[in-house]
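The values are calculated or read from the model by the stated rules, or taken from the named source; none is laboratory data. Fair warning: this is a prediction, and the values are worked out from it, not measured in the lab. Positions of Cβ are backbone-derived with ideal geometry, glycine not excepted, and every protein chain shown enters the neighbour counts. Ligands, DNA and RNA are stripped out before the accessible areas are found, and what is left, the full protein with its side chains, is counted by its heavy atoms. Shrake-Rupley method; radii C 1.70, N 1.55, O 1.52, S 1.80 Å.
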Amino acid sequence: MTSPLLCVVGARPNFMKMAAILPALQQPPTPLPVRLVHTGQHYDAAMKEAFFQQLGIPEPDDDLGVGSGSHAVQTATIMQRFEPIIDRWQPRAVLVVGDVNSTLACALVASKKGVPVIHVEAGLRSFDRSMPEEINRILTDQIADWLFTTERTAHEHLQREGIPPERIHFVGNVMIDTLRRMLPQVPQAAAVIRKWPGGDRIPISPSPGRKGAYGVVTLHRPSNVDHPENLEQLLICLREVSQQLPLIFPLHPRTAQQMQTAGLLKQQHHQHILTTPPLGYMDMLSLLSQAHLVLTDSGGIQEETTALGVPCLTLRDNTERPVTVTQGTNTLVGTQPAHILAAVAKIMSEGGKRGRLPELWDGQAAGRIATILKKHFGP
Ligand code: UD1
């Protein structure tokens, strides 16, 4: 068969991006032959299957089944298992998205084998090298041949790092392509909340002039959840927030594990906080779109809330996605409880930032990528 373009996913935030890219590449009249590889970095049904099914992503042609491990073990295992895949398919290029360990591992293997690397969501920088994702971003961009960006600041970073400008293409945000496609089909937030045991104790009827009378919380960054003192301080703060606004808190496996180990899981059974397992894409999008505010340390959720016009408080000191702050609804509040509580109080009394949609977050980003790639890699 003709050599395909090999597309790689590994972890949850990759799936919604690839869900937009695959159909665009395969769009007639000039479809590119593609093959999908899942590294298996995220493997739980809640972290994988729900996304594949709901987003209509085809079963991967190869699942490397790497699972969890230290960064070195996970990255090395992906590399070892990805090399024979390249040998088998002899791809015309390898396309990676985002900044997870799978992104860097597969880019590195491809680049060493002389296969062109395409990086979607290039050039984002937090300038915080203690984040594993920052290392993944910098290194992937250095070895990528095609760099597709979501915001203009990315170009300054890439050019400063010596990437030739002709490799860089500003195309917009593929994750927002998927959000716009799926949004009309999301269920009512009340129905999602009521699905979970304890959901009926959350008073969620929307108050006049507001969206939902609840907030959504997500936490999974190692800096926030891997140190029991930091995590406990944040949980105490969330309990205080929940006195004013009930909170829905889907627990990432990393966070659930840390809470369990630190004995914090029980304490979290609190009247106005509903913890749930990781949610599927549609349920999460439903909750986010109808929330009064969102508290998060996720990168993707900063972008999704900006696209939805929902106020977002990011519990970090930096963001690699500054357009969500300068143009969107995002505010960086750090992790000091006093700052978080003040920011929540402000939103409760004045409403949050309204923001506007960043340039090219228009649902057409994957189409732009496909047009450029088909010109080069097409028949
Ligand atoms: C990874 C990404 C992070 C991304 C996040 C989204 C890296 C370095 N980090 O972090 O950028 O924001 O995904 O979710 O790539 N686990 C399960 N089931 C799963 C997957 C993980 O139980 O399906 C548990 C394992 O115990 C594992 C832990 O969660 O050790 C962390 O998983 P890992 O893939 O190492 O990193 P994430 O924290 O998920």
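Quick check, is GLY65 at positive phi, more than 11 Å from the ligand (Cβ to nearest atom) and not acidic (Asp, Glu)? The answer is yes for GLY65. Of THR39, THR77, THR103, THR2, which residue is polar (S, T, N, Q) and farther than 26 Å from PRO277 by Cβ? Selected residue: THR2, the only one of THR39, THR77, THR103, THR2 that is polar (S, T, N, Q) and farther than 26 Å from PRO277 by Cβ. Of all residues in the range 20-47, those being closer than 24 Å to GLY378 by Cα and either out of contact with any helix residue (DSSP H, G or I) (no Cβ under 9 Å at 6 or more places or on another chain) or within 9 Å of the ligand (Cβ to nearest atom) (or both) number 2. I want to confirm something. Restricting to the range 97-126 and keeping residues that are β-branched (Val, Ile, Thr) and in contact with a Ser or Thr (Cβ under 8 Å, 6 or more places away or on another chain), which single residue is farthest from GLN41 (Cα to Cα)? Step by step, filter the range 97-126, then rank; the result is VAL117.
Evaluating ALA110 against the criteria (1) within 30 Å of SER289 (Cβ to Cβ); (2) part of a helix (DSSP H, G or I); (3) more than 16 Å from the ligand (Cβ to nearest atom) leaves one unmet condition, (1). Can you find a residue that is charged (D, E, K, R) and either closer than 19 Å to HIS270 by Cα or open to solvent by 60 Å² or more (accessible area, probe 1.4 Å) (or both) anywhere in the range 216-228? No, the range 216-228 contains no residue that is charged (D, E, K, R) and either closer than 19 Å to HIS270 by Cα or open to solvent by 60 Å² or more (accessible area, probe 1.4 Å) (or both). With respect to LYS17, determine if the residue is within 16 Å of the ligand (Cβ to nearest atom), within 17 Å of GLY280 (Cβ to Cβ) and without any contact (Cβ under 8 Å) to a residue 40 or more places away in the chain. Here the answer is no, as LYS17 does not meet what is asked. Does the range 143-156 include one or more residues that are touching a helix residue (DSSP H, G or I) at 6+ places or on another chain (Cβ under 9 Å), crowded, with 23+ Cβ neighbours inside 10 Å, of a type in the set (Lys, Arg) and modelled with pLDDT of 95 or more? Checked against the condition, which is being touching a helix residue (DSSP H, G or I) at 6+ places or on another chain (Cβ under 9 Å), crowded, with 23+ Cβ neighbours inside 10 Å, of a type in the set (Lys, Arg) and modelled with pLDDT of 95 or more, the range 143-156 yields no hits at all. The helices (runs of 4 or more DSSP H) located wholly in the range 296-373 that include 1 or more residues which are modelled with pLDDT of 95 or more, away from the ligand (no atom under 16 Å from the Cβ) and in contact with a Phe, Trp or Tyr (Cβ under 8 Å, 6 or more places away or on another chain) occupy 299-308.
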